[in-house]
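*Asks:* First, the structure itself, so that you have it in front of you.
Rule-based calculations on the coordinates, nothing more; no lab input. These numbers come from a predicted model, not from an experiment. Don't worry about glycine lacking a Cβ; one is built from the backbone with ideal geometry, like all the others, and counts go over all protein chains shown.
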Amino acid sequence: MADIAALVAAVLRGDRRALARAATLIENRAPGGSTIASELEPLAGRALILGITGAPGAGKSTLCDRLVALHRSEGKTVGVIAVDPSSPVTGGAILGDRIRMQQHHDDPGVFIRSMAARGTPGGLAHATGDLVTLFDAAGFDVVIIETVGVGQSEVDVARLAQVTMLAMAPGSGDDIQTMKAGVLEVADVFVINKADYPGTDKLEQELHAIAGQRPIVRTVASEGHGTRELAQAVNRCERNERQFATATAVRIDHLGIAVKSVDQALQFYEGQLGLPVSLREVVEQEKVNVAMLPLGEPRIELLEASAPDSVIAKFIEKRGEGLHHVALQVPDLQAAVERLRTAGARILNEPRAGAGGHLYVFVHPWSTGGVLLELIQA
Ligand SMILES: Nc1nc2c(ncn2[C@@H]2O[C@H](COP(=O)(O)OP(=O)(O)OP(=O)(O)O)[C@@H](O)[C@H]2O)c(=O)[nH]1
Ligand SMILES: [Mg+2]
């Protein structure tokens, strides 16, 4: 990890090659990536973080390009992150295709990277958050995240921004009714781009009905019209708190207790202790009957063998009833697994879906001080 510390130090000195290397580690979800982000997290918090979301072709990249030029004209440095949730690969192809920012290519005050989907669904927003932290701590004045606004992972990405612009084009068929509710909610500023197209007035009327206090700005990004008005509307917005966990954030998800009979154990936990039961389920692949009992955010999980060869049956045979495992939530399971593996921990399974559909892995007690540890994607 000594080279990570050196890399972090170089990033903070303003070394652009170190910045590029650090960004690549984060984009690739390499083990060092989340370490870099957690090292830099305390130094972040200065940058203005903007989000641009909207349907494919709405003009997000063109708008982004105009905003970069505007901020550059004010002497500010800008980091741009193009998020591509549909693509499992990252790199030059997306950059060339999807962001048309060639005019900024030789400008050392502009740094452009792309982020592709990979691993767990929650991982995209998390890794993008790490990249924002990197740019912020490296001293960029403004960070712009461009993402296609169609699904949940994009909404999660949009929550990373302090102010999110939703770009829409008139007459494009993706009208308000078909937009995902979450995407409309996440918008702080509505942008009617391609305001040179017919249907602009109609779209503005529709937006007025749902926008409430939120501003609606018309732009023709291809001509540069409206950019200044848009930047002013953004500046007037209250800045949302950045909603991303630090790279290493964990919390207790549940304590798993092996019992001979869930029904019998519930007489104590539900009947006498008064805990509610939120879920009862048979997890076929683990051969267990499960009851989940929330106590605040964390839960107690009662586990009963549903077949004689269940690990729970073997556990009880060997050690009797009792605490079987401790489960922790992590923000990026894939990254956590990679990090632990690199450090030599014994991971017992590849991430798979368990009770309630959450992805999980088990870590052998040999690596954890004698407790079977379950890690769950938050
Ligand atoms: N007429 C007109 N064309 C525009 C305007 N803004 C962007 N365009 C054009 O619309 C096309 C799509 O623009 P992009 O900026 O690539 O759109 P995008 O939303 O980033 O697209 P994806 O990244 O593929 O989702 C390009 O050909 C732009 O030149 C505008 O205000 N008016
Ligand atoms: Mg684009």
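*Asks:* Cut-off under 21 Å on the C-alpha distance; same-chain residues fewer than 8 positions from residue 318 excluded. Which lysines are left, in chain and number order?
*Replies:* 260, 287
*Asks:* List the lysines whose Cα sits under 24 Å from the Cα of residue 76, skipping any in the same chain fewer than 8 residues away.
*Replies:* Candidates past the 8-residue exclusion: 60.
*Asks:* If one takes the longest principal axis of the Cα atoms in the chain, at what angle in degrees, from 0 to 90 and to the nearest 10, does the Cα axis of helix 121-137 lie?
*Replies:* Long axis of 121-137 versus the principal axis of the chain: about 50 degrees.
*Asks:* Lys and Arg at +1, Asp and Glu at -1: add these up for the other residues within a Cβ distance under 12 Å of residue 139 and post the number.
*Replies:* For residues surrounding residue 139, the net value is +1.
*Asks:* Right, here's the next one. Figure the gain on full extension for residue 28 and residue 205 (residue separation times 0.36 nm, minus the Cα-Cα span) and round it to one decimal in nm.
*Replies:* 59.4 nm
*Asks:* Please work out how much length the chain gains when fully extended from residue 76 to residue 311, using 0.36 nm per residue of separation minus the C-alpha to C-alpha distance, in nm with one decimal.
*Replies:* Working it through step by step, the gained length comes to 78.7 nm.
*Asks:* Could you work out how far apart the two model spin labels at residue 367 and residue 342 are, taking each label as a point 7 Å from the Cα in the direction of the beta carbon, and quote it in nm?
*Replies:* For residue 367 paired with residue 342, the spin-label model returns 1.4 nm.
*Asks:* Grab the beta carbon distance between residue 222 and residue 17, set R0 = 25 Å, and tell me the FRET efficiency rounded to 0.05.
*Replies:* E between residue 222 and residue 17, to the nearest 0.05, is 0.15.
*Asks:* May I ask for the angle, rounded to the nearest 10°, between helix 333-342 and the longest principal axis of the chain, with both axes built from Cα atoms and the value confined to 0 to 90°?
*Replies:* Tilt relative to the chain: about 70 degrees.
*Asks:* In addition: Which trypsin sites (Lys or Arg not before Pro) does the stretch 10-59 hold that lie in a coil by DSSP with at most 13 other beta carbons within 10 Å?
*Replies:* Here the sparse-neighbourhood loop sites are 13, 46.
*Asks:* Multiplying the sequence separation of residue 267 and residue 281 by 0.36 nm and subtracting their Cα-Cα distance, what value in nm do you get?
*Replies:* Once the chain is fully extended between residue 267 and residue 281, it gains 3.3 nm.
*Asks:* Round to the nearest 0.05 the FRET efficiency obtained for residue 9 and residue 319 when R0 = 56 Å and r is the Cβ-Cβ distance.
*Replies:* 0.70
*Asks:* In addition: In degrees, nearest 10, range 0 to 90: what is the angle between the Cα axis of helix 227-236 and the longest Cα principal axis of the chain?
*Replies:* Between helix and principal axis, roughly 50 degrees.
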